[in-house]
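The values are calculated or read from the model by the stated rules, or taken from the named source; none is laboratory data. All values derive from a computational prediction rather than experimental measurement. Here the Cβ positions follow ideal geometry from the backbone for every residue, glycine too, while neighbour counts run over all protein chains shown. SASA here: full protein model, heavy atoms, side chains in, ligands and nucleic acids out. Shrake-Rupley method; radii C 1.70, N 1.55, O 1.52, S 1.80 Å.
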Amino acid sequence: MTLFFYVIIAVITFIAFLHAWSKKDYDVSRTIVINQSKADIYSFVRQLKNQPKWIAKLKDSKPVKLKFKGIDGKEGAMVYWKGRKNIGEGTQKIIKVKPGHVFETKLLLVKPVEAVALTYFASKEIQPERTKVVFGVRGYLPFPYSVISIFYSMENKFGNDFDKSLQNLKNHLEDR
């Protein structure tokens, strides 16, 4: 019986050590060059109603229930979504709009896990009709997600989706 307690204490100590050792903040982003003007790209991206046209998870997860609130593209505008297990449920609120430069939203995830994250989108004109775009997310991982992230990083979780989303954005904007 005492061996059992020692094993339990060792497991708890090991998990606590992993949590203390793990990186809790994350920032994952991807970059692409789009052959469109910075103004055209920015005006398209800042509209929450346009996200199903380019955000990989929304585009690939049909049907998704979406409800919009506020003036789309302006600070304070929100979207509520509810979908299948792979997309979950939550809200996204525009918190920062610097026209032509930076666009940030706050994500509040309810399902499948509760989490808060900040998404960001930035653009920089390289040449006329040629723009470098950055799309990313940053946040904090509480226990037990901090321990899980040692084995399955946020880079792995978001990286491919962001690559696919930016490619969708490029295709959509360059083909119209």
Q: Would you please name the residue that is nearest to the chain's Cα centre (by Cα), looking only at residues in region 61-87 that are surrounded by 15 or more Cβ atoms within 10 Å (Cβ to Cβ) and at pLDDT below 85?
A: ILE87
Q: Please enumerate the residues belonging to region 31-68 that are over 22 Å from THR131 (Cα atoms) and hydroxyl-bearing (Ser, Thr, Tyr).
A: SER61
Q | Residue tally, condition open to solvent by 50 Å² or more (accessible area, probe 1.4 Å) and in contact with a strand residue (DSSP E or B) (Cβ under 8 Å, 6 or more places away or on another chain), over region 109-123 | A | 4
(Q) Cβ-Cβ under 8 Å, sequence separation 6+ or interchain: first residue in region 87-100 and outside any loop (DSSP other than H, G, I, E, B) and hydroxyl-bearing (Ser, Thr, Tyr), partner at pLDDT 90 or above and open to solvent by less than 70 Å² (accessible area, probe 1.4 Å). Which pairs? (A) THR91/MET78; THR91/VAL79; THR91/TYR80
Q: State whether one or more residues within region 101-114 are farther than 18 Å from LYS170 by Cβ, in contact (Cβ under 8 Å) with a residue 40 or more places away in the chain and not in a strand (DSSP E or B).
A: yes
Q. Does ILE95 qualify as being closer than 22 Å to ARG138 by Cβ, open to solvent by 60 Å² or more (accessible area, probe 1.4 Å), at pLDDT 90 or above and of a type outside the set (D, E, K, R)?
A. yes
(Q) If I ask for residues that are of a type in the set (Gly, Ala, Ser) and open to solvent by less than 40 Å² (accessible area, probe 1.4 Å), which ones from region 25-55 would you list? (A) SER37
Q: Just one of (1) under 20 Å from GLY90 (Cα atoms); (2) buried (at least 16 other Cβ atoms within 10 Å of the Cβ); (3) at pLDDT 85 or above trips up LEU58, so point out which.
A: (3)
